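The values are calculated or read from the model by the stated rules, or taken from the named source; none is laboratory data. All values reported here derive from a predicted model rather than from experimental measurement. Methodologically, a virtual Cβ is constructed for each residue, glycine included, from the backbone with ideal geometry; neighbour enumeration extends over all protein chains shown. Just the protein is used for accessible areas: all its heavy atoms, side chains included, with ligands, DNA and RNA removed. Shrake-Rupley method; radii C 1.70, N 1.55, O 1.52, S 1.80 Å.
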Amino acid sequence: MRIYQEADYAAMSRRCANLISAEVIRKPDCVLGLATGSTPVGIYHQLAEWNRKGDLSFWDVITVNLDEYRGLAPTHTQSYRDFMQKNLFDHIDIRQENTYVPNGMAQDPEEECSRYDSMLRALGGTDLQLLGLGRNGHIGFNEPGPAFIKETHVVELSQSTIEANARFFESADEVPRQAITMGIGCIMEARRVLVAVSGEDKAEAVYRSFCGPITPEVPGSILQLHGDVVLVGDRAALSRLPDTSEEAC
């Protein structure tokens, strides 16, 4: 595992954008796994800026998003499809048919999960998977629980996740209680995983994920078993790590 400690959120975002752009330049038709939430916004804005300048192109890139809320239409202002359009897709030269997000309005959610897994297999998995890290250690919407779930599945959101996401809605009551998320197996099949973290409120989750025991009660801890993980965080988020070397834990 490689760890990069950056001074602040802006520097963290730029470092992650550099790593993603390097993958796109190395393999113009790469498959990128993408995340939502507040953490990747700066990363996406940096990538869009470089795209506008002509430093890289997303024309042949395929993107696969981790998750989507159940019950929100793609046009809903808080859906993850809408988030991706506003923060990245509308600002780069990617072909819209090459962008995949789970269908939160699917009448048969189990069938949608199977369809998403089949699509991932057909693409050969992701070349680089961008992840954030929840305060309870969740990755994607894989919440703490008794077991790691491999496949894409419907998940009941924990109260801490609902509270954390309430800032994007008028109130916590409006936050959907379920989501469709890639499973742990899908994430672990990525050839490289890039974890972006920012803020003191993520420090405990970082420590438990990368220095604690591997347990489904801390979903991010499974990443200790992945062969190519890059952790990029600001000083506050990495403050609980013993140091910032590859042997930090």
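For the chain, the residue among M188, V229, N136 whose Cα projects farthest onto the positive side of the dipole built from Cβ charges is V229. For the stretch 184-249, the dipole from Cβ point charges (+1 on Lys and Arg, -1 on Asp and Glu) about the Cα centre works out to 120 debye, to the nearest 20. Taking every C-alpha pair closer than 8 Å and separated by at least 6 residues, the mean separation divided by the residue count of the stretch 131-226 gives a relative contact order of 39 percent. Judged by the mean number of other Cβ atoms found within 10 Å, the most tightly packed of the peptides 169-177, 31-39, 143-151 leads the ranking 31-39, 143-151, 169-177. Cysteine residues of the chain whose C-beta has no other cysteine C-beta under 4.7 angstrom: C16, C30, C113, C186. What nm value, rounded to one decimal, do you get for the distance between H91 and F169 when each label is placed 7 Å out toward the C-beta? For the pair H91/F169, the computed spacing is 2.6 nm. In the context of the full protein assembly, K53 retains an accessible surface of approximately 130 Å², using a probe radius of 1.4 Å and ignoring ligands and nucleic acids. Apolar share of the accessible surface for the chain: 48 percent from carbon plus sulfur atoms, 1.4 Å probe.
Positive contributions from Lys and Arg (+1) and negative ones from Asp and Glu (-1), summed over other residues with Cβ under 9 Å from the Cβ of Y80, come out at -2.
Per residue, the convex hull spanned by the alpha carbons of the stretch 142-249 comes to 105 Å³. What is the sum of charges around G185, taking Lys and Arg as +1, Asp and Glu as -1, for the other residues whose C-beta is under 13 Å from the C-beta of G185? Net charge in that neighbourhood comes out at -1. Heavy-atom accessible surface of the stretch 1-129, averaged per residue, reaches 44 Å², computed with a 1.4 Å probe. Restricting attention to the stretch 52-209, close to 55% of DSSP beta bridges with both partner residues there are antiparallel. Summing charges over all other residues whose Cβ lies under 14 Å from the Cβ of F169, with Lys and Arg as +1 and Asp and Glu as -1, gives -3. Note on the chain: Cα Rg divided by 2.2 N^0.38 Å, N the number of residues, gives 0.94. Overall, the stretch 96-224 carries a charge dipole of about 540 debye about its Cα centre when +1 sits on the Cβ of Lys and Arg and -1 on the Cβ of Asp and Glu, all other atoms neutral. Legend: P(r) of the stretch 1-143 from all alpha carbon pair distances, 10 Å bins from 0, whole percents, reading 11, 41, 36, 11, 0.
Of the three principal axes defined by the Cα atoms of the stretch 1-60, the extents in descending order read 31, 27, 20 Å.
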